[in-house]
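Here is the structure we will look at.
The values are calculated or read from the model by the stated rules, or taken from the named source; none is laboratory data. For clarity, every value in this text was computed on a predicted model and none was experimentally measured. Please note: Cβ atoms are built from the backbone with ideal geometry, for glycine as well, and neighbour counts cover all protein chains shown. In case anyone asks, the SASA skips ligands and DNA or RNA and just uses the protein heavy atoms, side chains included. Shrake-Rupley method; radii C 1.70, N 1.55, O 1.52, S 1.80 Å.
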Amino acid sequence: MVCNALIISSPTVDIININNNEVICAGGPPLYAGFALRKMNCNVYFYGPIGYETEKTVNLQEKINIITVGIRQKVKGAVFYHKYNQDKRLTKFIGEIIPIDVNDLINKTRNIKFDFIILSPIFNEIPAEQIKLLNKPIVLDPQGYVRSLKAWMDLVPLNYIDLFHISSDDLPLDLVKNLAINSILLYTMGIENTVIIDKNEAKEIKPSGNIAKDRTGSGDIITGLVSYYYFYKKLNIVDAYNKAQENFEEVINEVNRIKYNF
């Protein structure tokens, strides 16, 4: 059977500053993770708030056959400013989005069996108290909760999540290791080692391949690929990560070529 994946997040418009040169492009987890999953021949569905600025990003997503479930809002949408300084990235949210109603999503997708759901809030558009309404398995990248909710760890049902992806851009490793979770944790540190924590055992893996000049969306791509190999292909988490790494460089280079055409 063909893989079915659902990404709950916001499409974005990204203003990217690299060496003081600015460009504007499409972005967001639905595009980056969705592109990666389409490369794996998955059926990819997207649900999240679409603003008048981010409608053009959704148009690009649909050109690569990411299926839009909704929902359009009369606000700007998710717009970000990213500034790269050597190996660090500074990100500022300059858009506007309205929280979604997960019940609406459930009603619109009740006839689809998903192999996994990727939950990747950009800000706080996915109410944490509604996460338990979703069917498992659930993958969570809490980047948006970290940005917008001071006590997000108390609000998110951590033990309802099957796989976490957390970036060093969002939380330090020492804090992540102390999270009271029983599921698998994938902690990425850019070009440095990735840490996988499974059943209280930590394993460090050095990312392979060449370094992309524009690394925006790297975490979303890895999240999508690891989810595919772990939940759909049923590999163990270390093998799933290694397979994801084999595909990562090709995927990020391809999506970087199309994301300006929106």
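Structure notes:
- The residues of the chain expose, per residue, 46 Å² of accessible area to a 1.4 Å probe.
- Gained length - Lys233 relative to Asn200, 0.36 nm times residue gap less alpha-carbon distance: 9.5 nm
- Computed label-point distance, nm, for sites Glu254 and Leu175 using a 7 Å Cα→Cβ extension: 3.6
- Placing +1 on each Lys and Arg Cβ and -1 on each Asp and Glu Cβ, with no other charges, gives the chain a dipole about its Cα centre of roughly 400 debye.
- Each of Asn193, Val251, Ile106 was placed along the dipole of the chain (beta-carbon charges, centred on the mean Cα), and the one lying farthest toward the positive end is Ile106.
- Cβ-derived FRET efficiency at R0 22 Å, Arg110 paired with Ser148, nearest 0.05: 0.15
- Separation between Cα centres of region 94-146 and region 160-221, rounded to whole Å: 20
- In a reduced charge model with +1 at each Lys and Arg Cβ and -1 at each Asp and Glu Cβ, region 21-71 shows a dipole moment near 260 debye about its Cα centre.
- Region 216-262, accessible surface, carbon-and-sulfur percent (1.4 angstrom probe): 44
- Against the set [x] 0.92; [y] 1.00; [z] 1.06, the structure's computed Cα Rg over 2.2 N^0.38 Å falls on [x].
- Paramagnetic label reach from Ile71 (point 7 Å along Cα→Cβ; backbone nitrogen cut-off under 18 Å): within region 77-103, residues 77-78, 96-103.
- Placing pseudo-labels 7 Å out from each Cα toward the beta carbon at Ile94 and Glu129 gives an inter-label distance of 3.4 nm.
- Counting only DSSP H runs of at least 4 residues, each contributing -39500 (n - 2.57), and dividing by the residue count of the chain, the helix-based mean residue ellipticity at 222 nm comes to -8000 deg cm²/dmol.
- For region 23-98, with +1 on Lys and Arg beta carbons and -1 on Asp and Glu, the positive-most of Ala36, Thr68, Tyr81 along the dipole: Tyr81
- Across the chain, C-alpha contacts under 8 Å between residues 6 or more apart give a mean separation that, scaled by the residue count, equals a relative contact order of 18 percent.
- Each peptide among 221-233, 103-115, 144-156, 50-62 gets the average number of other Cβ atoms lying within 10 Å of its residues, and from highest to lowest they stand as 221-233, 50-62, 144-156, 103-115.
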